[in-house]
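Q: First the structure, then my questions, so here it is.
The values are calculated or read from the model by the stated rules, or taken from the named source; none is laboratory data. From a predicted model like this one, the values you see are computed outputs, not experimental measurements. A quick note on method: Cβ atoms are made from the backbone with ideal geometry, for glycine too, and the neighbour counts reach across all protein chains shown.
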Amino acid sequence: MKAQFVAVAAGVVAAVACVSGCSGGSGSGGSPASVSAPVSPSGTGKTLPYAGAPKVENPLPDSVLSAHPCDSALTPDQVGAALTQKPRGEHDDKPELGAQCHWINSDVGAGVSVIYVTKVTDGLSAVYANTKPQSTVWRPLSPIQGLPAVAHSTYSTEGSKSFCQVSVGISDKYTVGVSVNLSPAKVGAQHDPCDAATQVAGMVVTNLKQKAGA
């Protein structure tokens, strides 16, 4: 279960952040999406935001992403609320994307992942431009504590029943990705992984705002 979650989480996070093209995964447990080298706005000549992405009206300072998500994105109690356990976060940084952390309840096959996408400076514009066209789930959300967000998955309909990612724009340049993989016992009509990911994203935003002194 642990390896399956990490593979799915890494694939979807990669698809979200790539700017110059990527391919979707094949479903829960499928191969991770491939990633091309990201292109910054200075390379594309585009002004942020673009591709229909909302502007971040009240951005957080870049400094809120200075610590690793394993150290600051979620408190142990918040991890426990999400996973019914308090596992230690596991680093899985992506040099082309940013710092990433996984928290996994191996007993039930559930997990949470948080990535600070700082290596791609297109923010939510990259998500709208590149992930939206290939998404099987695309759900713009009400702002999370004033920050624009969208829930999405690029995996098959079956895989999307267990996995969802929420991308939150903390500024026009940077996003935080929060993904949730439900345990097999919770996969079904009564449990929506995007709802769960939205709840966890709210916890992460609360912590980032506290760091910013907001």
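Q: Which one of these is farther than 19 Å from S183 by Cβ and at pLDDT 95 or above: P95, P61?
A: Only one candidate passes the filter, namely P61.
Q: Sticking with this structure for a sec: Please work out which residue is nearest to V56 (Cα to Cα), limiting yourself to segment 82-102 and to residues that are in contact with a strand residue (DSSP E or B) (Cβ under 6 Å, 6 or more places away or on another chain) and assigned to a loop (DSSP other than H, G, I, E, B).
A: L97
Q: Could I ask something else about it? Can you name the residue in segment 114-129 that is surrounded by fewer than 24 Cβ atoms within 10 Å (Cβ to Cβ) and out of contact with any Leu (no Cβ under 7 Å at 6 or more places or on another chain) and, of all such residues, is farthest from S63 (Cα to Cα)?
A: Going through the qualifying residues, I end up with A129.
Q: Just to be sure I understand, how many residues within segment 136-154 are under 14 Å from the mean Cα position of the chain (by Cα) and either more than 26 Å from L208 (Cα to Cα) or modelled with pLDDT under 95 (or both)?
A: Total meeting the criteria: 2.
Q: While we're looking at this one, here's another question. Among the listed residues A67, A82, A37, which satisfies the condition of being crowded, with 17+ Cβ neighbours inside 10 Å and either among the hydrophobic types (A, V, I, L, M, F, W, C) or at pLDDT 85 or above (or both)?
A: On inspection, the qualifying residue turns out to be A82.
Condition check ((1) in contact (Cβ under 8 Å) with a residue 60 or more places away in the chain; (2) on the phi > 0 side of the Ramachandran plot; (3) assigned to a strand (DSSP E or B); (4) among the polar types (S, T, N, Q)) across all residues:
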position: Y50; (1), (2), (3), (4): yes, no, no, no
position: S63; (1), (2), (3), (4): yes, no, no, yes
position: D71; (1), (2), (3), (4): no, no, no, no
position: Q78; (1), (2), (3), (4): yes, no, no, yes
position: I104; (1), (2), (3), (4): yes, no, yes, no
position: Y116; (1), (2), (3), (4): yes, no, yes, no
position: H152; (1), (2), (3), (4): yes, no, yes, no
